[in-house]
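Chemist: Please see the structure below; I have some questions.
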Amino acid sequence: MIRLRSVLFNVAFYANLILRMIVLTPVYFLVSRKTSWFVPKNWARSNHWLMRVIVGTTFEIEGLDNIPKDGVYILAPKHQSFWDVYALLPWLSDPFFILKRELMRIPLFGWYVAKQRMVPVDRSARGRAMAAVMQRAKAEIATGRQLIIYPEGTRRSPGAPPDYKYGIARLYRDLQVPVVPVAMHPGLFWPRSTTLRFPGHFKVRILPPIGPGLDADTFLKTLIAVTETASDELLVETVRDNPHLPLPETARTRLAELGVAVPEKS
């Protein structure tokens with residue numbers, strides 16, 4: 001049943017994406033930039049509905065009150081699957097991403113992200129690229145927006161050793177806004193290396209913001225400490241509450257390191 005439900009979900013997920021982009025494109029590009037956010041936010045909500053109804057996967061968000069009330073901050077989530085790219089959009093007012101310049105060249109998708117003034121980065125330009133990104137990010141933050149950045153840069157398997165990049169420390173230092181860490185384990189239900197989707201329930205934990213003013217090195221150590229502590233707690237809790245899940249080796253290894261009994265492989 002998991003294989004069948006996974007196939008049905010994947011078909012519905014991509015059909016939902018393609019149909020919405022075709023049908024709602026005229027509306028998206030006719031309304032104002034901020035108003036047009038209703039298209040991707042409603043798409044995210046519909047994906048949550050599909051995941052719940054077809055796969056049987058649900059989630060809850062803890063710590064929404066930790067989001068700064070003025071709406072100006074850097075959101076720093078763990079990154080494990082495609083799920084966490086869109087999942088939190090309905091709870092954010094006007095976010096933006098720093099993304100690879102190549103994505104801007106994808107027909108239609110590139111036009112969508114360009115309208116939302118996402119910040120492209122040319123990775124081959126190195127130092128010059130970071131200066132340009134910082135200038136754009138400052139301009140967007142100044143308008144009251146939220147920057148979403150994954151501190152580890154790319155998707156990581158649940159329980160994998162932390163690999164935080166220094167880029168977020170530079171952004172924290174130069175933008176002078178709070179950073180809100182987010183711990184979660186969607187990768188246990190939407191693994192990055194398979195088309196299978198697994199039923200169950202998990203939590204997204206939004207942690208208290210790290211205020212501006214720390215030096216970059218101290219900030220990075222603090223971010224890693226608070227995020228990984230919460231991540232370990234959620235890993236133990238999620239596996240305990242979903243004993244049916246097939247665990248990746250990274251999760252099994254981390255649970256063993258934490259002194260938690262690891263379920264036998266099915």
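The values are calculated or read from the model by the stated rules, or taken from the named source; none is laboratory data. Given the structure is predicted, the values throughout are model-derived calculations rather than measurements. Reconstructed Cβ throughout: ideal geometry from the backbone, glycine too, with neighbour counts over all protein chains shown. What goes into the accessible areas is simple: the full protein's heavy atoms, side chains included, and nothing from ligands, DNA or RNA. Shrake-Rupley method; radii C 1.70, N 1.55, O 1.52, S 1.80 Å.
Chemist: Send over the semi-axes of the chain's equivalent ellipsoid, whole angstrom and largest first, taken as the square roots of 5 times the C-alpha gyration tensor eigenvalues.
Modeler: Those come to 29, 26, 16 Å.
Chemist: Let me ask something additional. For Leu258 and Arg101, compute 0.36 nm times the residue count separating them, minus their Cα-Cα distance, and round to one decimal in nm.
Modeler: Stretched out fully, the Leu258 to Arg101 stretch lengthens by 52.5 nm.
Chemist: Still on this model: Per residue, how much accessible area does the chain show when a 1.4 Å probe rolls over the protein heavy atoms, in square angstrom?
Modeler: That works out to 49 Å² per residue.
Chemist: If I take every Cα pair under 8 Å that is 6 or more residues apart in the chain, average their sequence separation and divide by the length, what percent do I get for the relative contact order?
Modeler: On the way: 400 pairs, mean separation 63.8, N = 266.
RCO, the chain: 24 percent.
Chemist: With the cut-off at 18 Å, tell me which of the pairs Lys34/Lys78; Lys78/Lys203; Lys100/Lys165; Lys41/Lys203; Lys78/Lys221 have Cα atoms farther apart than that.
Modeler: Lys34/Lys78; Lys41/Lys203
Chemist: Once you charge only the Cβ atoms, +1 for Lys and Arg and -1 for Asp and Glu, what is the size of the charge dipole of the chain about its Cα centre, to the nearest 20 debye? Could you put the intermediate results ahead of the total?
Modeler: Values: 35 positive and 22 negative charges, 226 e Å.
It works out to roughly 1080 debye.
Chemist: Based on the alpha carbon coordinates of the stretch 28-135, what radius of gyration and maximum Cα-Cα distance (Dmax) apply, in Å?
Modeler: Cα-based Rg and Dmax for the stretch 28-135 come out at 15.7, 47 Å.
Chemist: How big is the stretch 128-251 in terms of Cα radius of gyration and Dmax, in angstroms?
Modeler: 16.3, 48
Chemist: While we're here: So in the chain, what percent of DSSP beta bridges are antiparallel if you round to the nearest 5?
Modeler: 15 percent
Chemist: How far is it, in nm, from the label point at Ser193 to the one at Leu24 when both lie 7 Å from their Cα along the line to the Cβ?
Modeler: 3.4 nm
Chemist: Moving on. Pick from Phe38, Phe202, Phe109: which residue has the top mean-square fluctuation in a GNM of the chain where Cα pairs under 10 Å get a spring?
Modeler: Result: Phe109 has the largest fluctuation of those listed.
Chemist: So how do 9-15, 70-76 stack up, highest first, on mean other-Cβ count within 10 Å?
Modeler: 70-76, 9-15
Chemist: Here's something else I'd like to know. Are there GluC sites (Glu not before Pro) in the stretch 194-237 that DSSP marks as loop and that have at most 16 other Cβ atoms within 10 Å, and which are they?
Modeler: none
Chemist: How large are Rg and Dmax for the stretch 182-266 when calculated on the C-alpha trace, in angstrom?
Modeler: Taking only Cα atoms of the stretch 182-266, I get Rg and Dmax of 14.9, 49 Å.
Chemist: Further question on the same structure: List the extent of the Cα atoms of the stretch 121-201 along each of their three principal axes, largest first, rounded to whole Å.
Modeler: 42, 29, 21
Chemist: What order do Leu30, Leu255, Leu50, Leu24 take when sorted by accessible area (1.4 Å probe), most exposed first?
Modeler: Values: Leu30 155, Leu255 0, Leu50 20, Leu24 40 Å².
Heavy-atom accessible area, descending, gives Leu30, Leu24, Leu50, Leu255.
Chemist: Probe radius 1.4 Å, ligands and nucleic acids ignored: give me the carbon and sulfur share of the accessible area of the chain as a rounded percent.
Modeler: That fraction is 60 percent.
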